[in-house]
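Working notes for the structure below.
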Amino acid sequence: MAKATINTVAMRAGVSRGTVDRVLNQRPHVKPDIYEKVIRAMKELDYIPPNEKQAKALGLTLPALEHFRIGILLSSERGHFRSEIMRGIEDAREYLHAYSVEILIEECESDLPSDTLEHIQGLLARNVAGLAICAREHSTIAAKINELQAQGIPVVTYNSDVSGCKRLFFVGQDLVRSGRVAGDLMSKFLDPKDHLLITVGNPEFHAHRLRLQGFCERLYESGFHGESLRIIETYNDYSLTYQKVFDVLREDPTLRGIYMANQSITGCADAIRDTGRQGQLSVIGHDLSNETRRLLQSREIDLIISQNLHQQSYRSLIILQEYLQKHITPQREDSTIDIICSENIAGRT
């Protein structure tokens, strides 16, 4: 028998889908006899409300749920990125407790594929039914995801995708589009002949590479040329970012813009200050953190392209639970791309 839905309950009760939704969420303006018809239809169809609170309010009994484990693998990134990802995990853990779902966490110490594979194996050894992972792109990781899919263990990637694999879903920003937004903004600040520095964390991460791709695509469309662009890799390290940006600023007094596709924006801002170039450069970066908030407010950087890191880890775990427990196949989710400056930063997290 097919799983009952709001639509099938509405058909059985002879009411609209909206009426069933009002009953389900305990909203007003439902006549008592209609309310009873909807509840009776739910019971006849063995309808399962989305959560325990709703079931209890309606006098329905949720079926006994089998306890299972979901594993989530964290990348080696720390700071604001890690704290927001952990906040999403803890919120998911609290929500999924009622569904008898246990969340297990493994943390990578490096970006090496061998480290990622070792921690994936560690989660599998603890009998997880599904995995959420954030990892650099590598053929061995894609092969492992395909192997797990063949074994019936779904994998959701979050924040940074792994191409060429049969993962269940990716939860994250449209990274090419976010890079294009940054490129479009930068093209409004600079002339196509101006020199521009691009810093990336690690191009072997899908997220970093796609941001760079989108940014350069939009610049080329705006008339910029490759000889005006300089790309450096800083691996999200403050000291490396500071030194490399400092050196480029010393070497090229004609530099007019910096695009930070990585996490170490503080290192870039400090290098600009220490070379006496404040107010002479347009600086655009990604992700709103305590540090980028401070830099926006002090006008040391111009714009931040933000993403919801909390939602990425949270949704990846919820999607796995819904797929494993309710057999719900995830559908495309469009993530927002927010442009933040010193004037609209208030109240943002």
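So here's what we get for this one:
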quantity: From PRO49, PRO28, residue being free of Cβ contacts under 8 Å to residues at least 24 places away in the same chain and either among the acidic types (Asp, Glu) or not assigned by TED's automatic domain parsing to the domain that holds ARG315 (or both); calculated: PRO28
quantity: Those residues of region 201-260 which are touching a residue at least 60 places away in the same chain (Cβ under 8 Å) and closer than 20 Å to LYS188 by Cβ, in sequence order; calculated: ARG211, THR254, LEU255, ARG256, GLY257, ILE258, TYR259, MET260
quantity: Number of the exception - PHE189 against (1) aromatic (Phe, Trp, Tyr); (2) more than 30 Å from GLY88 (Cα to Cα); (3) within 19 Å of the chain's Cα centre (by Cα); calculated: (3)
quantity: Strands (runs of 3 or more DSSP E) fully within region 146-229 counting 2 or more residues that are of a type in the set (Val, Ile, Thr) and out of contact with any Asp or Glu (no Cβ under 6 Å at 6 or more places or on another chain); calculated: 155-158, 195-200
quantity: Residues being part of a helix (DSSP H, G or I) and crowded, with 18+ Cβ neighbours inside 10 Å - total across region 249-269; calculated: 6
quantity: Exclusive hit being under 28 Å from the mean Cα position of the chain (by Cα) and either touching a residue at least 12 places away in the same chain (Cβ under 8 Å) or under 28 Å from ILE141 (Cα atoms) (or both), set ALA92, ALA57; calculated: ALA92
quantity: Among the candidates ASP338, ASP287, ASP270, ASP302, residue that is among the charged types (D, E, K, R), at pLDDT 95 or above and touching a Leu at 6+ places or on another chain (Cβ under 9 Å); calculated: ASP302
quantity: Filter pass, GLY276 being loosely packed, with under 15 Cβ neighbours inside 10 Å and modelled with pLDDT under 90; calculated: no
quantity: Pairs, first under 15 Å from ALA92 (Cα atoms) and assigned to a helix (DSSP H, G or I) in region 302-324, second at pLDDT 95 or above and among the aromatic types (Phe, Trp, Tyr), C-beta under 8 Å, six or more apart; calculated: GLN312/TYR158; SER313/TYR158; ARG315/TYR158; SER316/TYR158; SER316/PHE169; ILE319/PHE169
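Let's see how each residue does on (1) in the same structural domain as ALA207 (by TED's automatic domain parsing); (2) of a type in the set (Ser, Thr, Tyr); (3) more than 15 Å from the chain's Cα centre (by Cα):
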residue	(1), (2), (3)
THR254	yes, yes, yes
ILE265	yes, no, yes
ARG277	yes, no, yes
GLU291	yes, no, yes
ILE340	no, no, yes
GLU343	no, no, yes
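The values are calculated or read from the model by the stated rules, or taken from the named source; none is laboratory data. For clarity, every value in this text was computed on a predicted model and none was experimentally measured. Please note: Cβ atoms are built from the backbone with ideal geometry, for glycine as well, and neighbour counts cover all protein chains shown.
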